[in-house]
Every structure is written in structure tokens, then in C-alpha cells.
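Coordinate-derived values only; no laboratory data. From a predicted model like this one, the values you see are computed outputs, not experimental measurements. Quick reminder, even Gly has a Cβ in these numbers, built from the backbone with ideal geometry, and neighbours come from all protein chains shown.
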Amino acid sequence: MDDSISSILTKAFIFYFCECLVLWFLMAGYTANYDKLATTIYINGTEINYYGNDSYRNYIFPIRIVNHIDSMHPKTDLELSNKYIIKLTECEVYYESSGLRKNNNLGNNCGEKNDHELKFKIVDESSFTMKIYRKNKLIYDGEFVSDVTDYISEKGRYYFHIYGKRRAGIISNVESHFAFNVVIGGGNYED
Amino acid sequence: MKTKIVIIGLVIVSLLTLLLFDYLAGKSINYVAYDIENEEKFINEMYEFAPELFKFDDSGKAIIYIRNFTDEDGYTNTKYETTSRQLIFDKDLNECDGYYVVYKKSDSDKLEVDMSHICDMLDY
């Protein structure tokens, strides 16, 4: 290959790389406004503080947008009980006055705390899986289950991870990850 | 022939570029476990402000639980407001609420900090 062709090829590759870069950032800006959902998690009626993120993916144009949901300290104290039920609710959030959708749902729950400026539409779009850890050991890994009584057998601190997946259009989806820990019955100080 | 090579080359380059960006974006999902330098700095600052928290044994070793200097929300207790600390997580997004093992060396003013237990899942 002579020098002139080599030079043209080099310039073409550099140009194409730059074009991809620009296109990626344009697409990233465009898709950053994907429809976001607010999520509320309760265990035995107590609202759980969680930490998490959304990850939007488009399969045709391999792009990923990450939206951190860094709301609160992800630790919640719970009373010792003989049953532990997780309730997870996802919703779309709208302004009461205009009816327009509010797409930044950080810190919003699904309306069970009365908020007069917003209205909430409960949706059921995601499929969930779950992991539970205690003392650095994985004690559950599988489908999301509402009744976790079998895994919370005694006082202690349990780390939960709930992973959601939903479609966001024909060629894209959103994966969510909610992480929190609960201290049951004041904890177990034996270790 | 040359045109074909150029076109195929451009397609490969574009795909690899996009996959590279996708990979980089994916890497940003998980939080960095912790910044060792920041944590060491924090512990040394805390030792200046609240030495009573550091109970060293005869060998110069002390165990400092994170909960000793954080408030209910996991942030630095306001009575130690001269220094601050962020919530930290391991790579799986588990909150790190374990403990530091701190060593006082006779030949140095700076504390030596072992952070291997800060993400231990204590049972309380």
C-alpha cells in the first residue's frame, strides 16, 4: 500500500472514530430522557430507604445510560416479627396541575405519602430478581419473592438487592438495581 | 478491492468504538468500593479531632467501627463536623459499615490504616 492511500485510510479512520464519538454523545443526550419510574419499597409497612441505579440500554445502537438513584442512607431498622413481607411498587409520576409527566423521580415514592402537587400511576412493567446477603454470605438468589420470612430467621442485619428489568420501547430496555439493608430486632451482637 | 477493505474497516472501527463506549458506560454503574487515600486521610483527621475514639492496645492497635463516628443517616456525626466522610459501598452496592484496624507507629505521627474489614457485613 503506497503512502498516499495509507494517509487517506488513516484520516478516514480518525474521522470515523470522531463521528462515532459525536454520535454516541448525541444519542446519549437523547436517550437520557427515557421514561423513568419512581419506586417504593416497604417491608411490613415500613418504607425502606434504598440506594440504586437505572441502566438504559439500546440494542441496535449499543448505548447505555446510567441514572443513579442516590436518595438516602440505605439502612432501615425493623422490629422483630414472625412474618416479613416486601411490597415493591413502581409508578409513573405526573404533575397534578398540568398533567405532564415528571421524569426525574429521584426521591419520589409512589404517592402513599400524600403529595398534593403530584399524582401517581401505578404500573407493573418490570420483572424482578432478588439476592439476600447476611454476614457476607449469599442466602438467597432467585426470583423476587414477596414473603421473605424463610430467609430472615432471627435478629441480625440483612442486605437486599432487587434487580428489575423492563422494556423501554421496541429495541431498548431499562435495568434497575435497588440495594438496601435492614437491621432486624436491633441486630445480633454475638459476632 | 481497496474500497471494500476501507468500508469493512470503517464498519469494524465504528462497531468497536461503540462497544468501547458501551463498556465504559457499563463500568460506571458500580460505585468505586472506596478511595483508600481518602479513607486514610479521614481516619487521620478523625484522630486529631476525636482521639478518645481510638482505644489502642499495648501493641498500638485499635479497632474503629464506622458506626462510632457516623450519625443515623450514615454520614459523619455533626459533632465531628471539621471532617467529613461519604457513604461507601462495595462493588455490589452493599453499604460498607464495618470497621477499620488502625495501627499507631512509634516512629511516625501518621496512623496506619487496614481497610480490609470496612465492608464486612456486621450483624447489627
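When the helices in chain A are scored as -39500 (n - 2.57) per DSSP H run of 4 or longer and the sum is shared across all residues, what 222 nm value do you end up with, to the nearest 500 deg cm²/dmol?
Using -39500 (n - 2.57) per qualifying helix, the result is -5500 deg cm²/dmol.
For chain A, what log10 I(q)/I(0) values come out of the Debye formula at q = 0.09, 0.14, 0.18, 0.19 1/Å, with one point per alpha carbon and no solvent?
Values, matching the q order: -0.45, -0.86, -1.21, -1.29.
A:Ile171 to A:Asn103: extension gain in nm, 0.36 nm per residue of separation minus the Cα-Cα distance?
22.5 nm
For an R0 of 25 angstrom, estimate the FRET efficiency from the Cβ-Cβ distance between B:Asn68 and A:Ile139 and round to the nearest 0.05.
For R0 = 25 Å, the calculated efficiency reads 0.35.
Once you place label points 7 Å from the Cα toward the Cβ at B:Lys110 and B:Leu20, how far apart are they in nm?
3.6 nm
Once label points are set 7 Å from the Cα along Cα→Cβ at both B:Val6 and A:Asn44, what is their separation, rounded to one decimal in nm?
7.1 nm
Pairing the Cα long axis of helix A:3-31 with the longest principal axis of chain A, what angle in degrees results, from 0 to 90 and rounded to the nearest 10?
Here the helix axis deviates by roughly 30 degrees.
If r is the Cβ-Cβ distance from B:Leu53 to A:Lys155 and R0 is 22 Å, what FRET efficiency results, to the nearest 0.05?
About 0.25, to the nearest 0.05.
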